[in-house]
Structures are given as C-alpha cells and as structure tokens.
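K.L.:
Below you will find the structure I want to go over with you.
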Amino acid sequence: MVQLTLTDKDFHEGNIDYIRFALSEFLSQAECRTEVKRAGGRSVFTVECPAYYADIVRREICDKAADVVAVNYKYDYFKKLISAFGLSGIEKELLLTSLIAADLEEDKRYAFGRLSGFEYVAVDGIFQFRMRPLKSKWQGIVNCMPEYFQGSQLKDFITYLLEDKKRKVFVEGEKVYDADYRRLSRGELMDKGMEEGRIVREVLLSGCGEVEVNSPLPATDEKYLKEYFGDKITLGKGYFS
C-alpha cells in the first residue's frame, strides 16, 4: 500500500471536505482507505491505496487540490481586496465568482503543475512558496478593478465573459450537472454562508455558455440566470411538472 497525505490549515477544513467528497466514489473503486483528522492546527486527509493505483490516485487528489487553489484561495484573495462598492451582497459574490471563472482552467493547470509529484502535499505551503507568480497575476486583476460598481456594469462584464462559451450544463433539483451528468460542486469552495444565488454561482464556475433548467428555481437564481444567459437558457420538461 502507498500512503498519500494532503493537508491544509484547520480553518480550511472545508477544502479537505470538498476533496474527500468529490473523490469518494473514485477512491472506493480504487480500493483505497481514507481518514480525515485534525492535528497540530491542520486538517489532514490521508489515503492508503494499492501501489498499482498510486499514480492515478495521486493525480486525482492533485486535480481536486488544484480546484481548491483556483477557487477557494482565489476567492479569499479577491474578497479581501476587492471592495466593489455599489453592489449588493449577492452581486459582489457574483462578481467574485465571474472573476474566478474567467481564468479558472488556466489557474487550475498552473496549480496542478506545482502540486504534482508529491506523496505529502501541504496546500497552503505550496501556494505560499511555489505559486507567487499566480498571486502576482491575481494582484494585477485587483489593481484593474474599479472601487465602485453599478449593477449594469456587472451585467455587461459577466455577459462579456460568457460570450464565447460553448459548454452546456443542466440544472435539476437545485443541483448543477455537466454534459456527462456529473454533479458540479466547486461552489462549495466559496462562502457557504451565502445560500442566495448558490445555483447561478455554480453555473458560472462551470464555464458554460448554455443552461438547461429541468426544475423550478429559487427566485434569485432565476433572476440572475435570465439576466446573464438570456436566450441561452432552455427549459426542460421537468421545469413545468
């Protein structure tokens, strides 16, 4: 058996939970044993797997750890430094979400490259010491952001980012799924206390350009999905049942 360990600061326990839940089915199929614990002010996720699965398990863990950097760490960075006066609470969350989504895959590839190849990964440590160019890039974005926003500016900004997107996602039962009907949950890496607009934030993080809605939506999600996606929304039969 090979032991792989991933850690983060204990107040980032939600990051470890995201990785564990996102990989639970895969790790079970790969005959892995897992454990999550707190030790020395850190949240620790340990995976023991057969040696012949070690490489693929390591890659999958690093892939989800890269999600943590590209979404959670970026979210925390922007939330502290971007004021966005003039926007409501939900509108600021949508602005931060769209900024994360704009370069999400690029940021994730960069983070994956720095996290790969280790049997012990301290996400916060690698971020702090091996991803300084990524932080510099984020600071450049912060420097370009106006201090004051209007709702119309936010709409123009988000619709511009969505302009060339082709991917399609599905919304059903307040959950979001990709084209292969795998549930998307990157929104769990953002502010869990902000329930309002949870669906539209997940849709934005998916990088999609089209949305099929198969069940009625909460009012806030319906409002902003219509505002940003317009005629790129289709309503499935389940929406009317």
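K.L.:
Restricting to segment 133-149, give me the number of residues that are at pLDDT below 95, open to solvent by 30 Å² or more (accessible area, probe 1.4 Å) and not aliphatic (A, V, I, L, M).
P.N.:
Result for segment 133-149: 4.
K.L.:
Among residues belonging to segment 1-12 that are buried (at least 18 other Cβ atoms within 10 Å of the Cβ) and farther than 21 Å from residue 53 by Cα, point out the one that is modelled with the highest pLDDT.
P.N.:
Within segment 1-12, the match that is modelled with the highest pLDDT is 8.
K.L.:
Now for a different question. If we scan segment 74-82, do we find a residue that is in a loop (DSSP other than H, G, I, E, B) and touching a residue at least 24 places away in the same chain (Cβ under 8 Å)?
P.N.:
Yes, segment 74-82 contains at least one residue that is in a loop (DSSP other than H, G, I, E, B) and touching a residue at least 24 places away in the same chain (Cβ under 8 Å).
K.L.:
Which one of these does residue 15 not meet: (1) farther than 30 Å from residue 144 by Cβ; (2) crowded, with 20+ Cβ neighbours inside 10 Å?
P.N.:
Result: residue 15 passes all but (1).
K.L.:
What's the number of the condition residue 30 fails, among (1) open to solvent by less than 10 Å² (accessible area, probe 1.4 Å); (2) modelled with pLDDT of 95 or more?
P.N.:
Exception for residue 30: condition (2).
K.L.:
I'd like the residue in segment 212-241 that is aliphatic (A, V, I, L, M) and assigned to a helix (DSSP H, G or I) and, out of all such residues, is least open to solvent (accessible area, probe 1.4 Å).
P.N.:
225
K.L.:
Moving to a separate point now. Tell me the residue from 180, 156, 164, 191 that is within 18 Å of residue 96 (Cα to Cα) and over 17 Å from the mean Cα position of the chain (by Cα), please.
P.N.:
156
K.L.:
Going through segment 159-210 one residue at a time, which ones are open to solvent by less than 80 Å² (accessible area, probe 1.4 Å) and aromatic (Phe, Trp, Tyr)?
P.N.:
170, 177
K.L.:
If you go through segment 112-127 one residue at a time, how many are out of contact with any helix residue (DSSP H, G or I) (no Cβ under 9 Å at 6 or more places or on another chain) and either free of Cβ contacts under 8 Å to residues at least 12 places away in the same chain or basic (Lys, Arg) (or both)?
P.N.:
1
K.L.:
Also: Give the residue that is farthest from the chain's Cα centre (by Cα), with candidates limited to residues of segment 2-50 that are of a type in the set (S, T, N, Q) and part of a strand (DSSP E or B).
P.N.:
This residue is 3.
The values are calculated or read from the model by the stated rules, or taken from the named source; none is laboratory data. Remember, predicted model here, so these are calculated numbers, not experimental data. No Cβ is skipped: glycine too gets one built from the backbone with ideal geometry, and neighbour counts run over all protein chains shown. For accessibility, only protein heavy atoms count, side chains too; no ligands or nucleic acids. Shrake-Rupley method; radii C 1.70, N 1.55, O 1.52, S 1.80 Å.
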